[in-house]
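The values are calculated or read from the model by the stated rules, or taken from the named source; none is laboratory data. Only a predicted model underlies this, so the values are computations on that prediction, with no experimental measurement involved. Note that we place each Cβ from the backbone using ideal geometry, even for glycine, and neighbour counts take in every protein chain shown. Just the protein is used for accessible areas: all its heavy atoms, side chains included, with ligands, DNA and RNA removed. Shrake-Rupley method; radii C 1.70, N 1.55, O 1.52, S 1.80 Å.
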Amino acid sequence: MAGEPDLFAAEAREPTAKAVAADAPLAERLRPKTLAEVVGQSAALAADAPLGRMLQAKKLGSLILWGPPGCGKTTLARLLAKEVGETLLPLSAVMSGVAELRKAFEAARQYAKAGHRPVLFIDEIHRYNRAQQDGLLHEVEAGTVSLIGATTENPSFALNPALISRCHVVVLERLDEAALGQLLARAEAVLGHGLPLAEEARARLLELADGDGRYLLNMVESLADLPAEPALDVEQLGHVLSRRLPVYDKQQEAHYNLISALHKSVRGSDPDAALYWLCRMLGAGEDPRYLARRLIRMANEDVGLAQPEAMVQAVHAAEVYERLGSPEGELALAQVTVHLALAPKSNAVYKAYAAARAAAKEHGSLMPPAHILNAPTKLMKELGYGAGYTYDHDAPNRFSGQNYFPDEMARQRFYAPTEEGLEKRLKEKLEGLERLRQRRGDSGEGA
């Protein structure tokens with residue numbers, strides 16, 4: 001471009017136009033040069049998708065590319081800039097700060113004088129703090145740049161709402177088996193030979209990639225120099241490659257997604273799915289004590305009084321883990337996971353507690369009715385404290401039916417037992433007590 005500014009000139013050259021060295025990493029040699037070569041993201045790039053419509057109009061809005069590692073976020077950003085014929089200004093949020101942002105914006109203003117709107121690409125944009133993210137707002141609103149931010153974190157949690165509201169979030173998927181298979185075939189074509197893998201080992205290689213195209217190509221590179229014979233089986237492949245830990249960050253979204261899956265599998269009475277998610281979290285390095293605490297919560301929230309023993313079992317499992325540690329103590333967590341999944345379910349107490357909290361907040365500081373107040377002094381007796389109180393142990397059926405709510409508050413019903421487990425008997429008891437309460441209220445007993 002005539003009059004192209006020197007600022008950012010080296011970084012802004014179109015990356016896909018550069019010659020890639022023959023000894024460059026395989027992932028770099030196979031980086032797509034056109035959008036048609038991108039695999040696994042057909043939904044995001046569909047003609048009727050928001051991004052597809054932008055490309056048809058040759059007008060790129062500001063975007064947040066959200067997806068797991070190795071799904072092609074950086075490559076897609078480069079290709080989008082190329083597709084609309086604009087310069088790419090790349091930054092990494094890990095390696096840059098306010099000074100680098102100012103430099104990028106100054107470069108963008110120089111391009112704007114020539115009628116261009118460059119693409120500012122910020123990799124790992126979630127690494128910017130709130131002030132740095134707010135610093136992007138003015139230039140995005142002014143149209144100085146088209147912002148493309150790439151993140152592996154849920155934008156709802158990782159980015160400022162003001163920034164999200166000015167961008168379109170494009171969700172990129174982890175690469176499925178078909179997409180990974182395409183990458184593997186391309187890699188073998190570039191290498192000029194197939195990998196020495198039996199069919200089962202080839203399938204296992206795709207599983208180990210765990211949806212990450214970059215990681216797959218790195219593994220392919222480590223296998224590329226093996227002799228053509230013999231073909232490796234699954235066990236031999238395991239010896240050649242070090243096993244990859246699942247993508248998991250105990251402080252980020254994957255953590256919350258997996259614990260949600262475990263909790264809902266228990267709630268849904270599916271012991272097999274619950275065990276799977278438990279093992280996924282343990283295998284990824286989750287603290288078993290955290291899992292033990294969550295299992296106790298499940299016993300309270302989702303089993304409740306349908307089977308009170310479930311909470312006892314959950315607490316005991318946590319104690320067993322403390323005594324035995326890993327890996328033996330993890331079996332106790334597995335046992336209580338199955339127990340909770342198969343236990344009768346009730347959230348009646350959970351709902352009753354929430355309703356009672358709301359009522360307590362709504363009605364404020366109402367006094368208890370006078371007849372259930374203690375009267376340790378003469379004055380309190382003269383004021384009527386304790387007058388008319390009936391000692392329930394002396395009443396028929398050990399039940400007086402008196403009112404225990406504040407006089408200014410209508411009687412409330414918070415706890416509604418289900419027909420599950422022990423709660424069926426509790427429901428029958430509550431119904432019987434209510435009949436007694438009404439009968440004694442009508443006759444004036446216990447008043």
Checklist line | In the range 302-321, the residues that are in contact with a Lys or Arg (Cβ under 8 Å, 6 or more places away or on another chain) and among the acidic types (Asp, Glu) | finding: ASP302
Note to self: Just checking: which of the helices (runs of 4 or more DSSP H) contained wholly in the range 314-402 hold 2 or more residues that are open to solvent by 70 Å² or more (accessible area, probe 1.4 Å) and of a type outside the set (A, V, I, L, M)?
What the structure shows: 348-363, 378-382
Notebook entry, point to check: Any residue in the range 92-113 that is open to solvent by 30 Å² or more (accessible area, probe 1.4 Å), closer than 25 Å to THR34 by Cα and assigned to a helix (DSSP H, G or I)?
Noted result: no
Checklist line | Single residue of the range 195-213 satisfying the filter (out of contact with any strand residue (DSSP E or B) (no Cβ under 6 Å at 6 or more places or on another chain) and surrounded by 20 or more Cβ atoms within 10 Å (Cβ to Cβ)) that is nearest to ALA228 (Cα to Cα) | finding: LEU195
Note to self: Quick check on my filter: what residues within the range 180-193 are of a type outside the set (Lys, Arg) and open to solvent by 50 Å² or more (accessible area, probe 1.4 Å)?
What the structure shows: GLN182, ALA185, ALA189, VAL190, GLY192, HIS193
Check: So how many residues does the range 104-143 have that are of a type in the set (Asp, Glu) and over 28 Å from the mean Cα position of the chain (by Cα)?
Finding: 3
Margin query: For the range 324-343, check the following and say yes or no: at least one residue is touching a helix residue (DSSP H, G or I) at 6+ places or on another chain (Cβ under 6 Å), touching a residue at least 12 places away in the same chain (Cβ under 8 Å) and closer than 30 Å to PRO406 by Cα.
Written below: no
Checklist line | Residue under evaluation SER156, criteria (1) open to solvent by 70 Å² or more (accessible area, probe 1.4 Å); (2) touching a helix residue (DSSP H, G or I) at 6+ places or on another chain (Cβ under 6 Å); (3) more than 28 Å from VAL220 (Cβ to Cβ), criterion not met | finding: (2)
Next item on the list: Answer yes if at least one residue in the range 403-412 is open to solvent by 100 Å² or more (accessible area, probe 1.4 Å), assigned to a loop (DSSP other than H, G, I, E, B) and under 20 Å from LEU430 (Cβ atoms), and no otherwise.
Entry: yes
Note to self: Residues that are among the small types (Gly, Ala, Ser) and at pLDDT 90 or above: list the helices (runs of 4 or more DSSP H) wholly contained in the range 123-194 that include at least 2 such residues.
What the structure shows: 177-191
